[in-house]
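A short write-up of the structure that comes next.
The values are calculated or read from the model by the stated rules, or taken from the named source; none is laboratory data. Just so it is clear, the model here is predicted, and its values are computed rather than measured. Note that we place each Cβ from the backbone using ideal geometry, even for glycine, and neighbour counts take in every protein chain shown.
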There are 2 protein chains.
Amino acid sequence: MPTTIGDVARRAGVGVGTVSRVLNNQPKVGPETRARVLAAIAELDYVPSATARQLSLRRTNTIAVASIHIVIPSVIERIHGIERALTAAGLDLIIRNVETVERRNEAVREIARTDRIDGAIFISLAPGAEELARIRRSGLPVVLIDAHHRSVPRVVSDDVEGGRLVGRHLLELGHTRIGFVGDPPRPALGVQSSRMRLRGVIEALQERGLGIAPEHIVEGEHSRAGGQDSARTILSRPDPPTAIVAANDTLAFGVLAAARERGLDVPRDLSVVGYDDIDAADLVQLTTMHQPLRESGTEAVRRLLAILDGTDNGPLRSVLPVHLVKRGTTAPAPERTA
Amino acid sequence: MPTTIGDVARRAGVGVGTVSRVLNNQPKVGPETRARVLAAIAELDYVPSATARQLSLRRTNTIAVASIHIVIPSVIERIHGIERALTAAGLDLIIRNVETVERRNEAVREIARTDRIDGAIFISLAPGAEELARIRRSGLPVVLIDAHHRSVPRVVSDDVEGGRLVGRHLLELGHTRIGFVGDPPRPALGVQSSRMRLRGVIEALQERGLGIAPEHIVEGEHSRAGGQDSARTILSRPDPPTAIVAANDTLAFGVLAAARERGLDVPRDLSVVGYDDIDAADLVQLTTMHQPLRESGTEAVRRLLAILDGTDNGPLRSVLPVHLVKRGTTAPAPERTA
DNA sequence: CACCAAAGTGGAAGCGGTTCCACCATGTTT
DNA sequence: AAACATGGTGGAACCGCTTCCACTTTGGTG
């Protein structure tokens, strides 16, 4: 029912090849013929079938993004960056939300299977060995964001350095007993940022000959409630820390809630530092590490397009810079009362 | 290079038609033949081409979502609901971010143009007349969320009722001078929720013979900063209101910031009510209207699928319920000091 | 003036599926 | 035993585009 290239050709009194050439701005068409074809296109309100085009060209002009839980604020910012970059490049974006390892495998398999996309970006999520092999076999280019895999191009922020900066900031304020609230380790998903940030904090402490007590490190669910639980545990230890570092802002909000619950004044009694600098961090005046989330998305797209063009020559690992944003939740350590 | 249905047919010693029948679980295939085909598929690790399938079937199993500014928290929740419902139905989701009217037209045109999708959902965004005509012509089913158009199926929450409930809540607390911070009116985008909520508040006041002073109504940019600006304006009037209603939580956060800035204690000196009950509302203990955001997404998908099935018989307008969540930013009106 | 390169052009083949139609065995009915 | 459903099956045609190849025209060139 919809008009096809043949209808246009007939109307313009030319062959389909010529119409196709006009559509694709190819040179070898006489100016007068081109005008006639364009007129026919306009008259018929013709639009080429993207599907037929795909089949013929073996290109879809679409890329897929798979990410853990798309409602996580940092994930959203990254997707936003991706969306911008793709739109600018005239590509479509298909999105898939992944919440468990099984669903990840399923999603990856599906992504590798269809010829529906030209490339894929994984956010905070790395494909498993078998899935990766599948992808390799299909030749689909892939870029990871905030995830690690030895042999896959990826965009990450310098988590260890970020942790280090957080640690130094707290040391400067006189804190020596520092706690850490992190995400659950999920080696299966290939995401290590929480652990890397912890490592940075530890390194900063070690520079001063200090350490972090194992009972002051708790890893729990990535949610406000999870952060609150973890902080509760830490704060109920004898001799609790005077500062808590959270692996991300969402957890930090939970830490703030736990502090409030215990009647601790932030930052007088307890300093809290987050990570990511999401929008809401400003809302509660949270001191946090800023990382360029949106840029991580655009950078991933840049890499992906370069791979598609065959012009990619960057390092496997692009590292984005971070910087500390000092707000209202950190202050000098309280005098030791005990 | 990838294996095709022909490869499978050859390997299994059958015709392509038979392989196709097996792939689509059609009945008329002998059990022994079916087994042989399945074996061949497994051996070759064959996956049918989605594109070829699309071309032949004239169905894409993909739907598009166009929304204003995808980083708005309420929009994200809606998308989340859509994503869930689509994944459950085995459909793909393509996303397009729209920020201006021009970009909207462009996006709509593109959506209506390609044969790449089976349907579309618009969030807080209605197509313009010309674009709508285009969509109609293309026969593409469309559902709107949080947007209005006489003749397009849509999912909205009962904004007037929500506003009314907010108004009554404040009246019960003894507030009589109430301010309103809203989104800019954008008739071109077909989004009226801010105005509808305002209308509800006004209706509640009228029930008591009260009104809302025009200088206590300010509409500004949909952002924290915008809300802050608007609230500043209102609070600097002589005889400012004792309560401010914001058309959404993001604006309410701005109102809170403006109050803090002026040294007003919330809720002692000023009550603040938001709308949406986004995640961060809980974080700052904001009293707000809850509306089922995620459900709005699933409902929109349900409608869209029904239209695609030809089984849709619902009203053009699905209205979702709202309810007030009382938290810490509303309290009895202060004694009149003047 | 014959010859040839270059610019334009038409249309068949191919992309990888689905489906319809023709056809072949069977088993069942008269 | 002839007539005939019926379950299986192969394969051509088709979906709507791109591209390659063959062909015609035109304007130089020797």
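Annotations
- Subset tally (residues that are near DNA strand D (Cβ under 8 Å from one of its atoms) and more than 30 Å from A:SER56 (Cβ to Cβ)) for region B:14-43: 8
- Subset of region A:245-300 (residues that are out of contact with any Lys or Arg (no Cβ under 9 Å at 6 or more places or on another chain), under 30 Å from A:LEU93 (Cα atoms) and surrounded by 20 or more Cβ atoms within 10 Å (Cβ to Cβ)): A:ASP249, A:ASP276, A:ASP277, A:ILE278, A:ALA280, A:GLN291, A:GLU299
This table checks each residue for (1) part of a strand (DSSP E or B); (2) within 22 Å of B:THR62 (Cα to Cα); (3) at pLDDT below 90.
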| site | (1), (2), (3) |
| --- | --- |
| A:GLU110 | no, yes, yes |
| A:LEU132 | no, no, yes |
| A:ARG137 | no, no, yes |
| A:VAL152 | no, no, no |
| A:VAL156 | yes, no, no |
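- Looking only at region B:83-108, and only at residues there that are surrounded by fewer than 21 Cβ atoms within 10 Å (Cβ to Cβ) and in a helix (DSSP H, G or I), the one that is farthest from the other protein chains (Cβ to nearest Cβ): B:VAL101
- Of all residue pairs spaced 6 or more apart or on separate chains, those with beta-carbon atoms under 7 Å, a first member in region B:44-59 that is charged (D, E, K, R) and a second member that is more than 8 Å from DNA strand C (Cβ to nearest atom) are B:ARG59/B:ASP118.
- Failed criterion for A:VAL181 (all others in (1) buried (at least 19 other Cβ atoms within 10 Å of the Cβ); (2) assigned to a helix (DSSP H, G or I); (3) of a type in the set (A, V, I, L, M) hold): (2)
- Criterion: more than 16 Å from DNA strand D (Cβ to nearest atom), under 20 Å from the mean Cα position of the chain (by Cα) and either on the phi > 0 side of the Ramachandran plot or within 11 Å of another protein chain (Cβ to nearest Cβ) (or both) - qualifying residue of B:ILE72, B:ILE117, B:ILE123: B:ILE72
- Among the residues listed as B:GLY139, B:GLY174, the single one being surrounded by fewer than 20 Cβ atoms within 10 Å (Cβ to Cβ), at positive phi and free of Cβ contacts under 8 Å to residues at least 60 places away in the same chain: B:GLY139
- In region A:18-50, the residues that are part of a helix (DSSP H, G or I), near DNA strand C (Cβ under 9 Å from one of its atoms) and surrounded by fewer than 13 Cβ atoms within 10 Å (Cβ to Cβ): A:PRO31, A:GLU32
- Candidate set: region B:51-67, residues that are hydroxyl-bearing (Ser, Thr, Tyr) and in a helix (DSSP H, G or I); chosen: the one surrounded by the most Cβ atoms within 10 Å (Cβ to Cβ): B:THR51
- Among the residues listed as A:ARG224, A:ARG208, the single one being more than 17 Å from the chain's Cα centre (by Cα) and over 19 Å from A:ASP276 (Cα atoms): A:ARG208
- A:ALA204 vs. criteria outside any helix (DSSP H, G or I) and buried (at least 16 other Cβ atoms within 10 Å of the Cβ): no
- Any chance A:LEU144 is out of contact with any helix residue (DSSP H, G or I) (no Cβ under 7 Å at 6 or more places or on another chain) and aliphatic (A, V, I, L, M): yes
- Some residue of region A:287-302 being in contact (Cβ under 8 Å) with a residue 12 or more places away in the chain and more than 30 Å from A:GLY119 (Cβ to Cβ): yes
- Which numbered condition B:HIS80 misses (of (1) surrounded by fewer than 21 Cβ atoms within 10 Å (Cβ to Cβ); (2) under 16 Å from A:ILE95 (Cα atoms); (3) more than 10 Å from chain A (Cβ to nearest Cβ); (4) touching a residue at least 60 places away in the same chain (Cβ under 8 Å)): (3)
- Residue pairs whose Cβ atoms lie under 9 Å apart, separated by 6 or more positions or on different chains, with the first residue in region A:7-22 and over 17 Å from A:SER49 (Cα atoms) and within 14 Å of another protein chain (Cβ to nearest Cβ) and the second part of a loop (DSSP other than H, G, I, E, B) and more than 8 Å from DNA strand C (Cβ to nearest atom), do not occur.
- Among the residues of region B:39-54, the ones that are more than 31 Å from the chain's Cα centre (by Cα) and at the interface with another protein chain (Cβ under 9 Å from one of its Cβ atoms) come to 5 in all.
- Residue identified as touching a strand residue (DSSP E or B) at 6+ places or on another chain (Cβ under 8 Å) and outside any loop (DSSP other than H, G, I, E, B) among B:ALA225, B:ALA259: B:ALA259
- Considering (1) β-branched (Val, Ile, Thr); (2) surrounded by 15 or more Cβ atoms within 10 Å (Cβ to Cβ); (3) assigned to a loop (DSSP other than H, G, I, E, B), the lone condition that B:THR311 does not fulfil carries the number (2).
- Taking every residue in region B:184-200 that is free of Cβ contacts under 8 Å to residues at least 60 places away in the same chain and pairing it with any residue that is hydrophobic (A, V, I, L, M, F, W, C), at least 6 positions away or on another chain, the pairs with Cβ-Cβ distances below 6 Å are B:SER194/B:ALA247; B:MET196/B:VAL160; B:LEU198/B:PHE180; B:ARG199/B:VAL160; B:GLY200/B:VAL160.
- Every condition in (1) in contact with a Gly (Cβ under 6 Å, 6 or more places away or on another chain); (2) part of a helix (DSSP H, G or I) is met by B:THR233 except one, and the failing one is (1).
- Flag not set for B:VAL273, criterion: assigned to a loop (DSSP other than H, G, I, E, B) and in the same structural domain as B:HIS222 (by TED's automatic domain parsing).
- Any chance B:THR242 is in contact with a Lys or Arg (Cβ under 9 Å, 6 or more places away or on another chain), touching a residue at least 12 places away in the same chain (Cβ under 8 Å), surrounded by 14 or more Cβ atoms within 10 Å (Cβ to Cβ) and within 14 Å of chain A (Cβ to nearest Cβ): no
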